[in-house]
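Participant: This is the structure I have questions about; it appears just below.
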């Protein structure tokens, strides 16, 4: 699903440049539940931005769903994001003046789905994250965990290939963290590829595979207990 | 693009954006509203003045001039300076002959003041000896009866046409005056007409009797007090005046360089000055109106620019969710156009209302300040189109800024 070969990325800082990613190789298959671990400055957010087509890489190859990503213009990137990717952010990034169901329906608007069908589908996904009764509430009337569940429903609504979650539990307490992780696990169990970025060990352990990043290079890439169990199941 | 404009979802998005920012929306709208409001009201007021002016001069043949005489200022051909010049009926005949083709009407005039008596009522009024052609140069709006005619002149008839004010003073209210007799200077005259003088009138409240009658009754021989001359259409009126004066100077043996002997008013020149003033005012109106409009539109651009900055994050989210730069741009432009359009319509409506109020307050009565202050629909439409074009163009700047926002920068955590 996601294949990265020899990926480099650096940012210019004044006359110098900051080399953030120093030759990453990573292959994530369809249906995997992967977490990227690393302290701040390790390059994990940069990696997510590149995977999420929000940023461009300098050197290397990136294949998304078998398609080589290069020289994307903004329009193509927008279409691909809409088609293949669902985003979940640390700070939820809901649009404050739209109700929960309107927020979930927004990606469908850009996909060109009609209003009625859009709201119907959005409501289905809200019910899936158990927020049906809150459909008409504005984001500021929801708790942090509820907001993140709305965001997850929004990420899912276009039926993307990959869910990209950037510190999805960063702003949540431990109880809601668990419920959000359970939700992501459930999505993964239905066959969706889920790609989580986190610096919390407990969160990473709930995924199937942990990739550790340090100073722009992968220092380890191993399966967790649940990952091993799944692997055995399929072998 | 058209699908985009007529898509209800598009408007849903714009409504959402506007509803979120009520205060800035209202302030923005007021800016543009004020601009177009001013334009409409100013244009209407200018139009009202113009209408008023046109009505005042409406009864006049505007390419007319008036000629009278003074004393000479220069000795000429043996005559001392300071000689009194007297116009004669012969002058009229000569001018008629000499200026054939350029001269349309010529009205020789004699005037005096007399006591006019009707039974027990009487008053001092101006009495004027005139030809029927006066009615062509300076239209007499008759309330009763008729104006002087050819037969009156030929028969030296003792008939009189009086102004409404004289009628009011000499007759009972609603009394039918025609065929009644008035005594002017001890002579009986049959009343044949009552007229109402316009806002601008050389004669004021005058009783008109036939020119020939006047000459006889007042012993004027063939002397004339002054005359009114109307030029034909398309004649250079200033040159015409000079030529007429030159001819008269020649007839009366006055030095051609003598500028005092003959006096005159060139109505066309006076009106031209005023028309120029009106045109200038109209230009000023447009200038002020459009400038205010532009200021209002810039306010919209400015506020949208701020909004785009405020909504950087939202735009980033939309981009991450799959909005193309084009879709973002269209939304911002449409928001600008929508705001200017609403503001423009409100401004036109309010402007129209104010004009209506002005019309009710100052537009009626016997002597209105502004007559029928209106704005042409085409002019309003032009202003409206300008507004929409400006709204679109100014929307391009914030729209461009919006597409410059990279989603990654917009979404960067604080």
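Participant: Per 0.36 nm of contour for each residue apart, how much would the distance between residue B:382 and residue B:23 grow if the chain were fully extended, relative to their Cα-Cα spacing?
Facilitator: So the chain would gain 126.3 nm between residue B:382 and residue B:23.
Participant: Moving on. Antiparallel versus total DSSP beta bridges in segment A:49-203: what percent is that, nearest 5?
Facilitator: Percentage antiparallel, nearest 5: 20.
Participant: What's the angle, to the nearest 10 degrees (0 to 90), between helix B:8-20's Cα axis and the longest principal axis of chain B?
Facilitator: Roughly 90 degrees, rounded to the nearest 10.
Participant: Computed FRET efficiency, Cβ-Cβ of residue B:286 and residue B:100, R0 35 Å: what is it to the nearest 0.05?
Facilitator: About 0.20, to the nearest 0.05.
Participant: Using the alpha-carbon atoms, what tilt in degrees (0 to 90, nearest 10) does helix B:377-404 show relative to the longest principal axis of chain B?
Facilitator: Relative to chain B, helix B:377-404 is tipped by roughly 20 degrees.
Participant: How many percent of DSSP beta bridges within chain B run antiparallel, rounded to 5?
Facilitator: 80
Participant: Same structure, new question: Over chain A, with a Gaussian network built from C-alpha contacts below 10 Å, which listed residue (A:138, A:164, A:21) shows the highest mean-square fluctuation?
Facilitator: Greatest mean-square fluctuation among the candidates belongs to A:138.
Participant: FRET efficiency for residue B:232 and residue B:54, Cβ-Cβ distance as r, R0 = 30 Å, nearest 0.05?
Facilitator: Efficiency, from the Cβ-Cβ distance: 0.90.
Participant: For chain B, with a Gaussian network of springs between Cα atoms less than 10 Å apart, report the residue from B:280, B:289, B:35 with the top mean-square fluctuation.
Facilitator: Maximum among the listed residues: B:280.
Participant: For segment B:291-351, how big is the tail of P(r) above 13 Å, as a whole percent of Cα pairs?
Facilitator: The share of Cα pairs beyond 13 Å in segment B:291-351 comes to 68 percent.
Participant: Let me ask something additional. Partner chain Cβ atoms within 10 Å, averaged over the residues of B:399-406 - can you pull that number for me?
Facilitator: Counting other chains' Cβ atoms within 10 Å and averaging over B:399-406 gives 1.
Participant: Counting only other chains, what is the mean number of Cβ atoms within 10 angstrom of the Cβ of each residue in peptide B:320-332?
Facilitator: For peptide B:320-332, the averaged partner shielding equals 6.
Participant: Moving to a separate point now. Which residue fluctuates most in the GNM of chain B (Cα springs below 10 Å): B:190, B:121, B:140?
Facilitator: B:121
Participant: I've got another one for you. Where the centroid of each part is defined by its Cα atoms, how far is segment B:379-404 from segment A:3-55 in Å?
Facilitator: Segment B:379-404 and segment A:3-55 have Cα centres spaced 42 Å from each other.
Participant: Related question: Under 8 Å for C-alpha pairs, at least 6 residues apart: give me the relative contact order for chain B, rounded to a whole percent.
Facilitator: Relative contact order of chain B: 28 percent.
Participant: Same structure again: Among DSSP beta bridges lying fully in the protein assembly as shown, give the percent that are antiparallel, nearest 5.
Facilitator: 70
Participant: So what's the convex hull volume per residue for the Cα atoms of segment B:203-243, in Å³?
Facilitator: Taking only Cα atoms, segment B:203-243 has a hull volume of 127 Å³ per residue.
Participant: Taking only the alpha carbons of chain B, what extent do you get along each of the three principal axes, in Å, biggest first?
Facilitator: For chain B, the Cα spread along each principal axis is 107, 57, 33 Å.
Participant: Tell me the mean residue ellipticity at 222 nm calculated for the protein assembly as shown from its helices only (DSSP H runs of n ≥ 4, each -39500 (n - 2.57), averaged over every residue, nearest 500).
Facilitator: -16000 deg cm²/dmol
Participant: Could you give the angle, 0 to 90 degrees to the nearest 10, between helix B:325-362's Cα long axis and the longest principal axis of the Cα atoms of chain B?
Facilitator: Helix B:325-362 and the main axis of chain B meet at about 30 degrees.
Participant: Beyond 28 Å, how much of the Cα-Cα pair distribution for segment A:78-235 remains, as a whole percent?
Facilitator: So the pairs more than 28 Å apart make up 22 percent of the total in segment A:78-235.
Participant: Here is a follow-up. Ranked highest first by the average count of other Cβ atoms within 10 Å around their residues, in what order do B:298-306, B:270-278 fall?
Facilitator: The densest-packed peptide leads the list: B:298-306, B:270-278.
Participant: If I take R0 = 60 Å and measure r between the Cβ atoms of residue B:156 and residue B:30 in this structure, what FRET efficiency does the formula 1/(1 + (r/R0)^6) give, to the nearest 0.05?
Facilitator: 0.25
Participant: Could you work out, residue by residue across A:67-77, how many beta carbons of other chains sit within 10 Å of that residue's beta carbon, and then give the average as an integer?
Facilitator: 2
Participant: Something else now. Relative contact order for segment B:76-261 using alpha-carbon pairs under 8 Å, separation at least 6, rounded to a whole percent?
Facilitator: The normalised contact order for segment B:76-261 reaches 31 percent.
Participant: Normalised by the empirical 2.2 N^0.38 Å for globular proteins, what value does the Cα Rg of the protein assembly as shown take?
Facilitator: 1.76
Each reported figure results from applying straightforward, stated rules to the coordinates on display, with no laboratory input. Fair warning: this is a prediction, and the values are worked out from it, not measured in the lab. So basically every Cβ, Gly included, is an ideal-geometry build from the backbone, and we count neighbours across all protein chains shown.
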